[in-house]
Amino acid sequence: MSEPVLFVLIIMVLLLAVSFMMPLADRISVPATILLAVLGTALGLGSYGIGEIPDIGFAGEVVHGLLDLKLDADLILVLFLPPLLFTAGLTIDVRLVMNEMAAVLLLAIVAVFVTTAAAGWALFFVSGYVGQVGLFTCMLLGAVIATTDPAAVIAIFRDLGAPRRLTALVSGESTLNDAAAIALFAILIDAVVDRPDWNVGNVMITLTRDFIGGIAVGFIAAQITSSLLRHLFNLPLAEITVSVALAYVTYIMGDVLVDVSGVVAVVVAAMTFAVEGRSRLSPGTWEKLLQTWYQLDFWANSLIFVLAAMLATRILPSAGLDDLLFLAVLVLAAFAGRAFVLYALLPVLSTLRVTAPIGGRYKLVLLWGGLRGAITLTLAVSVSQHNMIPEEDRHFVSVLATAYVLFTLFVQAPTLKPLLRLLRLDQLNPNELALRDGVIALSKAQVRNDIEEVTRDYGFDPELAEPLYEELIKSGEALEQEVQAAETEGDGSEPPGKPAAAQMSEAAGVAVGLVALTNREKEIYLEHFQDGTISRNRVAKLITLVDGLIDRVKVDGAKGYETLTNQQINLTMRARVSLRLYRHIGWGGPLSTWIADRFERLLITQLVVRDLVRFNKRSIRPLLGPKTSAVLDGILNRRLTSLDDALAATDLQYPNFTKELRYQYLVRAALRLEHGSYQHALAESLISREVYRELERDIASRRAKVEERPTLDLGTGLVDMVSRVRVFHGLKHEDLLDVVRLLRPRLAVPGQRILRKGDKGSAMYFIAAGTVEVGLPQGAVELGAGEFVGEMALLSGKPRSANVRALTYCHLLGLSKRDFQKLLKAKPWIKEVIEKIAKDRQAINLQNKEE
């Protein structure tokens, strides 16, 4: 049998063996990587008796080839690294990671350097007593073991229902520390080979160049690839193939052609493609693409574990007592470096409010859960076959790296769940228990509801379903109590046995209802995407926001839900930066884009929340009861009011722009319906395939045009808005432009204090949208759009005489004291208008007080 045929056959045999390891791992409840390591170890040990295996024809040839398999480090790196890295970057929740970027960078980048330094210096110090090993060689080993494998920890977090931010931290850390560790590894390889010409300064300079260069290559490659996808629309096989080519071409281009970090390039290309490319794929292609990459990742990960474990059995027998000492030092140093980051550096970020704090128990899990896996083994194999590295250094790095991976697999991984039980992280707190029981009760009640409907629709005897109801009740004693309570204590407003929250506390019932609403919200967004009314890029952002809502409901219930939905309407850091750019240098592009993005998101959310109000009355009320449904209705209506206020502000400011955006939404819906009718006509053979393709091309062309967002003229919008303010009635267009240049936009949230009584007047505010309350001695007064506040302190120079707070979301236009004086000097009649309006207000207030 020829060598290529034998090699392919051996790989297929290994994949077949790996496939049967998966169900075995599930059955005995151990991580699959442990069984893969066991398989590789067994095959490696079998190679020692290869000469004694009799020649039994074809099977014997395969066995001999398998046990005597030669591993090529360059082939392993080029073949296996791109799918491992690209899958990690592709599947990471980029937006959630961006929200936790400070913590992720700390765990991914800083931790790699800390672990590398801690392990390197500790090993170098000990080697002075045992057998001198170069500092760069020790650092190289530190870089090899600095990259973590998060699979086990993420699986456990998901089983526990841990907050998504923890999963995002672990997955983000792993993805980026792979890139950082491998980039550092490549630099240190050169340092080990050329010791006389290297120092720490050279390492840092080269690493920075490779990292930045890798980011640039990956980003550009992904952008070019994403732009080419439009030529492959409705050709999913070609689109998926392009993504595979992107991974390998980017790696080779970065590593070989441009001489930067190919690893960083692949990770950045994957993350960029996940954000930019997915919105340009044909409908339904993204899910197929992910499945393809999951499969490639599974093959690469499994084969690396088996092959590296085989190599370990050939390397580890040569280890001596010195290596055991080095391994102990390596383990302690790695833990010390990771502990320093988790317990010393991460709290600093929390103190500075850069990131939310992480509980001590979760930190301990992150510390012990820093397993090492396929990437570390791949790098160890690479070092073992690097001919330019001295043999003793190759032995040092490959033996200890492989032994360290086996330590994490056979010591840390099996003890991870016992640690969780010891920390009681496998137990739900009272709120989580109530939420879990409520969801179960709600699900059982929904099933009973649906079965009753099916029984009626098909004309079955209602008694036929009674055994099924009994089974539902038997499987959950809580449901039985709820049904009994509803039957005996119901007020007759709901059918007997329906409210699933009869015995549930009000807070728990509301939390269960909010979880149901957020899940329904996610479903509606996906339905809008499938209908083509919103883009994949938009739906991905909205679903990320909904996932955050679910996390907050689990932790803080209704209060957390309302807090986060209000925050989603408030100004973001991006908005503040855009506003500053517009104010100080007159660059309106970023602000225009932000306003357009925000309006589109608010519009879609408004439509969905209206659906949720109906869903609450139609589906949740019968299951959780009228009282809980009424509380949910209040929460949804407050959210809807906030959305209406925010949208009204933009409508007031940019009416033509918002009108065009709403029209675009209707056009998308019309195109979706038109496309559906053509599909139906094709299925019924009313039109030919050729006619259908021509119609589909026409729809695609019109859809591309409608995706072009209308232009937003910031200046014109502000001029129209300012012209509605009574003070500026009658001003010419050029005068209005002068006023606009002096105004500073500001957003106030409900309940926020805008002006404080007794403060020195520094600015006045024009109300563009929303309602404010002025707390005067004679009583509170409400002012709305077109009015202004804070003018008297500027005119008189006295402290402010009243408190002013926002009753709704208010979009304000601030005019500073200095700019106010400039305006009055240029247009003195404005002062007279303001004074007249102020006197009219005082007269009305006095009249109201007398009444």
Inset, instruction - Could you pull out the pairs from Lys363/Lys554; Lys288/Lys363; Lys760/Lys831; Lys559/Lys617 whose alpha carbons sit more than 30 Å apart here? - result: Lys288/Lys363
Inset, instruction - Starting with the highest mean, order 813-822, 118-127, 175-184 by the number of other Cβ atoms within 10 Å, averaged over the residues of each peptide. - result: 175-184, 118-127, 813-822
Inset, instruction - Over segment 222-340, average the accessible area per residue using a 1.4 Å probe and give it in Å², no decimals. - result: 42
Inset, instruction - Please give the contour-minus-distance gain from Ile212 to Leu257: 0.36 nm per residue of separation, less the Cα-Cα distance, rounded to one decimal in nm. - result: 14.7 nm
Legend entry - Distance from segment 380-417 to segment 758-785 (C-alpha centre basis), Å: 68
Inset, instruction - With a 1.4 Å probe and every protein chain kept in, tell me what percent of the accessible surface of segment 1-40 is carbon plus sulfur. - result: 74
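For segment 698-833, report the accessible area per residue in Å² (1.4 Å probe, heavy atoms, rounded to an integer).
On a per-residue basis, segment 698-833 sits at 49 Å².
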Inset, instruction - Evaluate E = 1/(1 + (r/R0)^6) for Asn637 and Asp611, where r is the Cβ-Cβ distance and R0 equals 22 Å; express this FRET efficiency to the nearest 0.05. - result: 0.95
Inset, instruction - May I ask you to give the percent of accessible area on segment 568-684 that is carbon plus sulfur, with a probe radius of 1.4 Å? - result: 58
Legend entry - Cα centroid of segment 311-375 to Cα centroid of segment 618-641, whole Å: 47
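Which shape class applies to segment 614-754: rounded if a/c is under 1.5, otherwise prolate when a/b exceeds b/c and oblate if not, where a ≥ b ≥ c are the square roots of the Cα gyration tensor eigenvalues?
oblate
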Inset, instruction - Return the loop-located chymotrypsin sites (Phe, Trp or Tyr not before Pro) in segment 305-404 (DSSP other than H, G, I, E, B) with at most 11 other Cβ atoms within 10 Å of their own Cβ; answer none if there are none. - result: none
Legend entry - Per-pair calculated FRET efficiency, R0 = 35 Å: Arg574 and Asn519 via Cβ, rounded to 0.05: 0.80
Inset, instruction - Give, in nm to one decimal, the length gained when the segment between Phe460 and Lys559 is fully stretched (0.36 nm per residue of separation minus the Cα-Cα distance). - result: 31.2 nm
Legend entry - Accessible area, probe 1.4 Å, largest first, for residues Glu832, Glu239: Glu832, Glu239
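Beta carbons within 10 angstrom, averaged per residue: use that to sort the peptides 606-615, 8-17, highest first.
Put in order of decreasing packing, that is 606-615, 8-17.
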Legend entry - Length added when fully stretched, Asn387-Lys839, from 0.36 nm per residue minus Cα-Cα: 153.7 nm
Legend entry - Rounded percent of accessible protein surface that carbon and sulfur make up, segment 285-359, 1.4 Å probe: 70
Inset, instruction - Would you work out which of Ala649, His680, Ile635 lies farthest towards the positive end of the dipole of segment 635-686, given +1 charges on the beta-carbon of Lys and Arg and -1 on that of Asp and Glu, about the Cα centre? - result: Ile635
Inset, instruction - Enter the Cα centre distance for the pair segment 83-121 and segment 212-255, rounded to the nearest angstrom. - result: 22
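The values are calculated or read from the model by the stated rules, or taken from the named source; none is laboratory data. Computed from a prediction, not measured in an experiment: that's the story for all the values here. FYI the Cβ positions are ideal-geometry reconstructions off the backbone, even for glycines, and counts take in every protein chain you see. Just the protein is used for accessible areas: all its heavy atoms, side chains included, with ligands, DNA and RNA removed. Shrake-Rupley method; radii C 1.70, N 1.55, O 1.52, S 1.80 Å.
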